[in-house]
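Scroll down for the structure; my scribbles are underneath it.
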Amino acid sequence: MTAVPSSKFALRGDLLDFTADPGWGIEPGAAVRFRPDHWLLVEDGVIRGAHSSDAALDASWTRIDHRGRLVLPGFVDTHVHAPQLDVIASFGTELLDWLNTYTFPAEQRYADPHEAQAGAERFCDALLAHGTTSAVVFPTVHKVSADALLAAAHARGMRMVAGKVLMDRNAPPGLLDTVESAERDSRELIERWHGRGRLAYAMTVRFAPTSTVAQLEMAGRLMREVPGLYMQTHVAENRAEVEWVRELFPQTRSYLDVYHRHGLLGKRAVLAHGIWLDDADRALLAATGAQIAHSPSSNLFLGSGLFGWRALEDAGARVSVASDVGGGTSLSMIRTLAEAYKVQALQGVKLTAWKGLYTATRGAALTLGLDHEMGSLEAGRMADLCVWDWALGAVGERRLAVATGLHERVFAWMTLADERHLAQAFVAGASRFRRESG
Ligand code: GUN
Ligand code: ZN
């Protein structure tokens, strides 16, 4: 792949990004920055600024002309499982049966280094082909699968947060570690990858039912010991799961509290789902700074429930959006946002294009503590950029042709577009995806 077009290029298109959280209103306030037909300047992988014309640019700037297309910061997917591309779109189950029937058998394949490497490369390339330049990712319990995933992200210059999955009970033997092996493997992986290039390590507790108290304690100990570690897990996704956690941890006030008691909640904690929470849980999330990775296509597909975004935000807690493939049905963050709109609509809440796109870009960067690096088209940020067609085909073209205001246009795009609209993706200024049809 010819990754680097030039160390210095100007990209022409309709630039859209956010300077702050736009809130829930439809009017594009100061937080929405739309610069139609501008040139975005990129040098040495970093955004340098933007101009309304290229008149001031000398011949040292390579021109990449995507006029008439939309340029957004690359999407950030805060919760996705690399090995689960193999089980996406599996029929007929809710969470616990889905894990046992499809997911656990598929994840066992990743014990094999060749499978792990091929799967990791396929996954990273698929993320890029969907316009996702950065992600918080689960591999499997196998050290080799975490190694392969982090290596594949590193080779592509992607910002990735990942770590070997911790699970020492309630799963098939081929997917179990022990407290000792998990600690040893995690330490080795941290040594090799944490803070290397654009990578960070996450203590990855699959979910409370698959870790013993001793393993949760070990994870908490490493969180305290190693600066900058993330934590990722699942919480309160499905009612039968919540009930099971109540039986497994009878002394603990709530599912979320299991993680809190073991020192696993904090600003770098990313918990998927958070559907079945109460007010005390929401207050705990707000107090610790931990974020919920809302995964709408997964919640609909597995019949898990409807996520209460406003209640969490009103409580002061932080929310990002995620594909959760393979419970989720698409790696596309555009499709994910379209599903998020419908989940909110079922509860009488309307997700604007501004709030949705902000949450999948700058908002996610902010909740991960990485907004100094990515998530916007601000000068000084890494050039993680995606170039999108506004419409493909008669239906989308007609809808955009009759759209009046900017929100109507962008909302129609968020609802109708998908990964086929991606023309080109850049990671740190290097072209990592280019659609064959141009
Ligand atoms: N809870 C525990 N493991 C998983 C998983 O792989 N996917 C989802 N959606 N929920 C989980
Ligand atoms: Zn998940």
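The values are calculated or read from the model by the stated rules, or taken from the named source; none is laboratory data. Owing to the predicted nature of the structure, the values given are computational and were not obtained by experimental measurement. When we count neighbours, we look across all protein chains shown, and the Cβ atoms used for this are built from the backbone with ideal geometry, even at glycine. Surface areas here come from the heavy atoms of the whole protein model, side chains and all, with no ligands, DNA or RNA. Shrake-Rupley method; radii C 1.70, N 1.55, O 1.52, S 1.80 Å.
For the structure I just gave you, tell me whether D389 is at pLDDT 95 or above and surrounded by fewer than 17 Cβ atoms within 10 Å (Cβ to Cβ). Spelling it out, it is not the case that D389 is at pLDDT 95 or above and surrounded by fewer than 17 Cβ atoms within 10 Å (Cβ to Cβ). Does F433 satisfy being in contact with a strand residue (DSSP E or B) (Cβ under 8 Å, 6 or more places away or on another chain), touching a residue at least 60 places away in the same chain (Cβ under 8 Å) and open to solvent by 40 Å² or more (accessible area, probe 1.4 Å)? So F433 passes the test. The set of residues from region 303-345 being among the aromatic types (F, W, Y) and either near ligand 1 (Cβ under 10 Å from one of its atoms) or open to solvent by 10 Å² or more (accessible area, probe 1.4 Å) (or both) comprises just one member, Y341. Candidates M158, M223, M218, M167: the one that is open to solvent by less than 10 Å² (accessible area, probe 1.4 Å), at pLDDT 95 or above and closer than 30 Å to G74 by Cβ is M158. Within region 270-296, the residues that satisfy the criterion of being of a type in the set (G, A, S) and surrounded by 24 or more Cβ atoms within 10 Å (Cβ to Cβ) are A272, G274, A290, A293, S295.
For every residue, the table says whether it meets (1) aliphatic (A, V, I, L, M); (2) more than 30 Å from A383 (Cα to Cα).
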{"residue": "A135", "(1), (2)": "yes, no"}
{"residue": "D147", "(1), (2)": "no, no"}
{"residue": "H154", "(1), (2)": "no, no"}
{"residue": "D168", "(1), (2)": "no, yes"}
{"residue": "A171", "(1), (2)": "yes, yes"}
{"residue": "A182", "(1), (2)": "yes, yes"}
{"residue": "R192", "(1), (2)": "no, no"}
{"residue": "G197", "(1), (2)": "no, no"}
{"residue": "A200", "(1), (2)": "yes, no"}
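Restricting A120, A151 to those that are in contact (Cβ under 8 Å) with a residue 12 or more places away in the chain and open to solvent by 10 Å² or more (accessible area, probe 1.4 Å) reduces the list to A151. Scanning region 43-86 for residues that are of a type in the set (V, I, T), out of contact with any Asp or Glu (no Cβ under 9 Å at 6 or more places or on another chain) and within 16 Å of ligand 1 (Cβ to nearest atom) gives a single hit, T78.
Among the residues of region 38-60, those identified as among the charged types (D, E, K, R) and in contact with a strand residue (DSSP E or B) (Cβ under 6 Å, 6 or more places away or on another chain) are E43, R48, D54.
Exactly one residue out of P5, P28 is over 26 Å from L406 (Cα atoms), surrounded by 13 or more Cβ atoms within 10 Å (Cβ to Cβ) and modelled with pLDDT under 95, and it is P5. All conditions but one from (1) at positive phi; (2) surrounded by fewer than 23 Cβ atoms within 10 Å (Cβ to Cβ); (3) small (G, A, S) apply to A236; the one that does not is (2). Screening L300 on (1) away from ligand 2 (no atom under 16 Å from the Cβ); (2) among the hydrophobic types (A, V, I, L, M, F, W, C); (3) surrounded by fewer than 22 Cβ atoms within 10 Å (Cβ to Cβ) shows it passes everything except condition (1).
Checked against the criterion of being touching a Phe, Trp or Tyr at 6+ places or on another chain (Cβ under 9 Å), crowded, with 24+ Cβ neighbours inside 10 Å and within 21 Å of S134 (Cα to Cα), region 86-98 has no qualifying residue.
Looking across region 256-271, the residues that are assigned to a loop (DSSP other than H, G, I, E, B) and farther than 18 Å from G369 by Cα come down to H262, G263.
The set of residues in region 198-231 being within 16 Å of ligand 2 (Cβ to nearest atom) and β-branched (V, I, T) consists of T204, V205, T210. Evaluate region 411-424: report whether one residue or more is part of a helix (DSSP H, G or I), crowded, with 20+ Cβ neighbours inside 10 Å, out of contact with any Gly (no Cβ under 8 Å at 6 or more places or on another chain) and not hydrophobic (A, V, I, L, M, F, W, C). Yes - at least one qualifying residue is present in region 411-424. Applying the set (1) open to solvent by less than 10 Å² (accessible area, probe 1.4 Å); (2) free of Cβ contacts under 8 Å to residues at least 24 places away in the same chain to D371 leaves exactly one unmet item: (1). Taken over region 186-231, residues that are in a helix (DSSP H, G or I) and either in contact (Cβ under 8 Å) with a residue 60 or more places away in the chain or among the charged types (D, E, K, R) (or both) amount to 8.
Would you be able to say whether some residue in region 272-281 is more than 16 Å from ligand 2 (Cβ to nearest atom), more than 16 Å from L95 (Cβ to Cβ), without any contact (Cβ under 8 Å) to a residue 12 or more places away in the chain and not in a loop (DSSP other than H, G, I, E, B)? No, the conditions are met nowhere in region 272-281. Of all the listed residues (G49, G25, G74), the sole one being under 23 Å from A155 (Cβ atoms), of a type in the set (G, A, S) and touching a residue at least 60 places away in the same chain (Cβ under 8 Å) is G74.
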